[in-house]
Amino acid sequence: ATASEHGGGVLLSYGNYAGDVLNFDAAARALEASGISVRTVRVTDDVVSAPADRAHERRGIAGDLCVFKVAGAAAERGDDLDTVTTIAERANDRTRSFGVAFSGCSLPGAEEPLFTVPEGRMAIGMGIHGERGIDETDVPSADGLAALLVDRLLDELPAGITAAGSRVVPILNGLGSVKYEELFVVYRSVQRRLVDAGVVIVEPEVGELVTSFDMAGVSLTLFWLDDELE
């Protein structure tokens, strides 16, 4: 942060995990003590990690990508620190994600994964740091998985947004070891369901963008645009 600061202050943005909060907050205090202005935006897009009325407690998963890219673009065009922060907060408020895993991830050098998923079962709602999911279900078909992901995210739209006619960036994110062919098969059904709901799709992304080592898993992010965010 010190190396990147050129007189305009620093925005710290990261997924909302306890260890990250602890360390970034300590860094922010040190920066402020040295006379550098600091703002923080914690990404909270994971809809299953806390209920909607406690959204500030949610984790950040692949929605990190939307918030960081928007904040970076605002900074690059010359917006001041408070404006960049406000835009990043709005991006976070309009981003929702939901993920599943078929196996846990293994830390480098570890002899076994952080968690396992029984054969034929799927963990629901895991984090990107190897956290175990909050539930389990049978592994569905590609169409069934797309339905699970899309329906859950359409159940909780950001304030003031109606799905029909709204512009959205969908990100189907592989968590480390799901084949790209499989991601595209799932995305085909995701797109069909979004179009059937009246959503206008803008620049979809399919690939490994926010990963968790070798975890076999996938998440869907919906980033609901306004003119400036787009």
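The values are calculated or read from the model by the stated rules, or taken from the named source; none is laboratory data. Keep in mind that what you see is a predicted model, and the values were worked out from it rather than measured. Cβ atoms come from the backbone with ideal geometry, glycine included; neighbour counts cover every protein chain shown.
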Practice task
Only residues that are among the aliphatic types (A, V, I, L, M) and part of a helix (DSSP H, G or I): list them for region 113-146, please.
Solution key: ALA142, LEU145, ALA146
Handout entry: Qualifying positions in region 1-17 - surrounded by fewer than 15 Cβ atoms within 10 Å (Cβ to Cβ) and either touching a Cys at 6+ places or on another chain (Cβ under 8 Å) or of a type in the set (Val, Ile, Thr) (or both)
Key = THR2
Fill in the blank from the handout: Those residues of region 70-112 that are among the acidic types (Asp, Glu) and in a helix (DSSP H, G or I) come to a total of 4
Practice task
Name every residue in region 43-64 that is in contact (Cβ under 8 Å) with a residue 12 or more places away in the chain, part of a helix (DSSP H, G or I) and either farther than 21 Å from VAL169 by Cα or more than 8 Å from the chain's Cα centre (by Cα) (or both), in order of residue number.
Solution key: ALA52, HIS56, GLU57
Exercise for the section: Looking for whichever is free of Cβ contacts under 8 Å to residues at least 12 places away in the same chain and touching a strand residue (DSSP E or B) at 6+ places or on another chain (Cβ under 8 Å) here; the options are VAL218, VAL195. Which one fits? Expected result: VAL195
Completion exercise
Every listed condition ((1) in contact with a strand residue (DSSP E or B) (Cβ under 8 Å, 6 or more places away or on another chain); (2) under 19 Å from GLY99 (Cα atoms); (3) among the hydroxyl-bearing types (Ser, Thr, Tyr)) holds for SER37 save (2)
Practice task
Sort through MET122, MET126 and tell me the only one that's within 21 Å of GLY15 (Cα to Cα), touching a strand residue (DSSP E or B) at 6+ places or on another chain (Cβ under 6 Å) and modelled with pLDDT under 95.
Solution key: MET126
Handout entry: Failed condition for VAL67, given (1) on the phi > 0 side of the Ramachandran plot; (2) part of a helix (DSSP H, G or I)
Key = (1)
Problem - Set VAL117, VAL169, VAL139: member being more than 17 Å from the chain's Cα centre (by Cα) and either surrounded by fewer than 19 Cβ atoms within 10 Å (Cβ to Cβ) or farther than 13 Å from VAL100 by Cβ (or both) - result: VAL139
Handout entry: Filter result (surrounded by fewer than 20 Cβ atoms within 10 Å (Cβ to Cβ) and among the basic types (Lys, Arg)) within region 35-55
Key = ARG39, ARG54
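Conditions tested, residue by residue: (1) of a type outside the set (S, T, N, Q); (2) more than 20 Å from VAL206 (Cβ to Cβ); (3) not assigned by TED's automatic domain parsing to the domain that holds GLY207.
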position: SER106; (1), (2), (3): no, yes, no
position: GLU131; (1), (2), (3): yes, yes, no
position: LEU148; (1), (2), (3): yes, no, no
position: VAL169; (1), (2), (3): yes, no, no
position: ASN173; (1), (2), (3): no, no, no
